[in-house]
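The values are calculated or read from the model by the stated rules, or taken from the named source; none is laboratory data. As the structure is a computational prediction, the values presented were derived from the model and not from experiment. Cβ coordinates were reconstructed from backbone atoms using ideal geometry, including for glycine residues, and neighbour counts include every protein chain displayed. For the accessible areas, the whole protein counts, side chains as well, though only heavy atoms, and no ligand, DNA or RNA atoms are used. Shrake-Rupley method; radii C 1.70, N 1.55, O 1.52, S 1.80 Å.
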Amino acid sequence: HDGWGMVTYYTEDFPEYVERQPHSVKEDSGVFQNSAQTLERTHCKTVMVHFRRLSVGKSAISNTHPFIHEQWSFCHNGTIEDSGKIPMKKLKSYGSTDSEIFFLYLMEQLADPSNSAQSVEDRLKKAVENIRANFKWSSLTFLLANGKTLYGYRLSQPQYDDYYTLYRASPKSADILCSEPMPSANLDWKPLSQGELAVCS
């Protein structure tokens, strides 16, 4: 109800907004269909779509997922209640959501030279573990992409186990990560377990 956005990589390492609006996609059904058809024609390798239900931050373009930083795009499902206390070194958010702060924190951890010997997967897990252990949150479930690889991570508090879900399907040579299984007789959806990081490339 509170915003929707679509990001793709027409060029590898360069995410671009196909569309991004701070209101319900129901108000833009034609625009959404046209955007989806454009992506189908261009055969983009990576696409990220998010439909927002706000918890922190008003309905505004700057608060609408996915978020972009350099080659990375990101969307988050959940709330980090005390996100303002997350230690940031350089990056500053444009909007007022906990999700964007979470994203930028992950970006700083991936870019930290002291972590350079670790894999991207290990750096992500370490960063998420710090948030998990030191902040109040309902779910840290997210999608993260860089044009080459799509990462999907699922983690929620036990009482929200049935709500903050993430599923994966792998038809032919593709991978789809989705918060809820999309109806299709041709897709075999498998849920990610708590704390699981899916890597699709």
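Scanning for something closer than 24 Å to HIS50 by Cα, open to solvent by 30 Å² or more (accessible area, probe 1.4 Å) and polar (S, T, N, Q), does segment 110-121 turn up at least one residue? No - not one qualifying residue is present in segment 110-121. Identify the residue in segment 182-197 that is of a type in the set (Gly, Ala, Ser) and more than 24 Å from GLU129 (Cβ to Cβ) and, among all such residues, is least open to solvent (accessible area, probe 1.4 Å). Once the filter is applied, the top-ranked residue is SER184. Is it fair to say HIS76 is under 16 Å from the mean Cα position of the chain (by Cα), in contact (Cβ under 8 Å) with a residue 60 or more places away in the chain and part of a strand (DSSP E or B)? Taking the combined requirement at face value, the residue satisfies it.
Among the residues of this structure, LEU54 does not count as one that is surrounded by 15 or more Cβ atoms within 10 Å (Cβ to Cβ) and either assigned to a helix (DSSP H, G or I) or among the aromatic types (Phe, Trp, Tyr) (or both). Taking the criterion of being among the polar types (S, T, N, Q) and in contact with an Asp or Glu (Cβ under 7 Å, 6 or more places away or on another chain), the residues of segment 53-73 that qualify are SER59, GLN71. Looking across segment 169-192, the residues that are assigned to a loop (DSSP other than H, G, I, E, B), under 23 Å from ASN146 (Cα atoms) and over 16 Å from the mean Cα position of the chain (by Cα) come down to SER170, PRO171, LYS172, SER173, ALA174. Select from segment 1-45 the residues that are surrounded by 13 or more Cβ atoms within 10 Å (Cβ to Cβ) and among the β-branched types (Val, Ile, Thr) and write down the one among them that is farthest from HIS65 (Cα to Cα). My answer is THR38. Taking segment 146-165 as the range and being assigned to a loop (DSSP other than H, G, I, E, B) and either crowded, with 18+ Cβ neighbours inside 10 Å or among the basic types (Lys, Arg) (or both) as the test, the residues that pass are ASN146, GLY147, LYS148, LEU155, TYR164, THR165. Taking the criterion of being small (Gly, Ala, Ser), more than 17 Å from CYS178 (Cβ to Cβ) and either in a strand (DSSP E or B) or open to solvent by 20 Å² or more (accessible area, probe 1.4 Å) (or both), the only residue of segment 122-145 that qualifies is ALA133. Hey, does segment 79-87 have a residue that's among the hydrophobic types (A, V, I, L, M, F, W, C), more than 20 Å from PRO22 (Cβ to Cβ) and surrounded by 15 or more Cβ atoms within 10 Å (Cβ to Cβ)? For segment 79-87, residues among the hydrophobic types (A, V, I, L, M, F, W, C), more than 20 Å from PRO22 (Cβ to Cβ) and surrounded by 15 or more Cβ atoms within 10 Å (Cβ to Cβ): present.
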